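The values are calculated or read from the model by the stated rules, or taken from the named source; none is laboratory data. If you're wondering where the values come from, they're calculated on a predicted model, not measured in any experiment. Here the Cβ is made from the backbone with ideal geometry for all residues, glycine too, and neighbour counts use every protein chain on show. In case anyone asks, the SASA skips ligands and DNA or RNA and just uses the protein heavy atoms, side chains included. Shrake-Rupley method; radii C 1.70, N 1.55, O 1.52, S 1.80 Å.
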Amino acid sequence: MLYSMHQKNTTNLNGMKRIILTLLTVFLLIQCNFIKNKKNETPEEPEQKVKTQEEIEAEEKARADSIKNAEYEMMQKTAFGDLRFGMQKNEAETINPKKQQLGKYNYNFQNLYNGNNELYAVVVNSDGEKAISFDDALKNKYNNLYKIIETKYGNSTARREFPSIFEVQYSKSYWVNKWDLGNKQIVLGIKENSLNNYAVYSKISDLPMQEAEAKRLKDIKNKDVIEAAEKF
């Protein structure tokens, strides 16, 4: 009888082991299939928004404006050719020839520097003409330079009539056209070199730098007055 009970318990234990083993096998199979399916899953790509025509046009305008702004900033920094405002004298003097042909005529170049030897303006002058040539040869040189500047920068922002020789004699220099281009200004006019000698002149300036240099020179000239005023 004891043998029979022992045999029965052994049989039950073996049956439980088989059940547990079977369940464990099924669990492992399910787990493996789950991992395999996870690996094979293709991640969903985020849905791409279709741009409207208005959005496309706005982006294109923003890019164009960015390029335009960069070009405008570079234009303001450019004095002439490869000359840049703020450039040191030892570098600037090696870049721009002192005499150049622009259009039909030759013009003379002079660089202006502040107290730190930084370029703040470029002056362009024609060769002088006698009074007898004021209304023909000199005016032709003026018109030649005007057309060059106008082609690059468009219509001048301020304009006066071409002066008589007496107006130039009275003022010594007489501007006819001005181009105000942000911090950059171009002035074109006529000046009296000496009695019976006149020339076309143009000045290309960085206005903030030019104003700062004018103030510095004025302060030097009035140094004694300024020092005395500080004692009051």
Out of all the residues in region 192-204, is one or more over 17 Å from N108 (Cα atoms), within 29 Å of the chain's Cα centre (by Cα), small (G, A, S) and modelled with pLDDT of 95 or more?
no
If we keep only residues of region 177-213 that are over 30 Å from D82 (Cα atoms) and assigned to a strand (DSSP E or B), then the residue most open to solvent (accessible area, probe 1.4 Å) is S194
Given the options Y174, Y120, Y153, name the one that is without any contact (Cβ under 8 Å) to a residue 24 or more places away in the chain, touching a helix residue (DSSP H, G or I) at 6+ places or on another chain (Cβ under 9 Å) and either surrounded by 13 or more Cβ atoms within 10 Å (Cβ to Cβ) or closer than 29 Å to K77 by Cβ (or both).
Y174
If we ask which residues in region 141-150 are open to solvent by 50 Å² or more (accessible area, probe 1.4 Å) and either free of Cβ contacts under 8 Å to residues at least 24 places away in the same chain or aliphatic (A, V, I, L, M) (or both), their number turns out to be 3
Test E167 against the stated conditions and say whether it is outside any loop (DSSP other than H, G, I, E, B), without any contact (Cβ under 8 Å) to a residue 12 or more places away in the chain, loosely packed, with under 14 Cβ neighbours inside 10 Å and more than 35 Å from the chain's Cα centre (by Cα).
yes
Could you tell me how many of the residues in region 123-136 are open to solvent by less than 30 Å² (accessible area, probe 1.4 Å) and either more than 19 Å from F109 (Cα to Cα) or not hydrophobic (A, V, I, L, M, F, W, C) (or both)?
4
Return only the number of the condition from (1) within 27 Å of K215 (Cβ to Cβ); (2) surrounded by fewer than 15 Cβ atoms within 10 Å (Cβ to Cβ) that N106 does not satisfy.
(1)
Is it the case that A92 is in contact (Cβ under 8 Å) with a residue 12 or more places away in the chain, surrounded by 15 or more Cβ atoms within 10 Å (Cβ to Cβ) and within 28 Å of the chain's Cα centre (by Cα)?
yes
Among T52, T10, which is at pLDDT 65 or above and more than 27 Å from W179 (Cα to Cα)?
T52
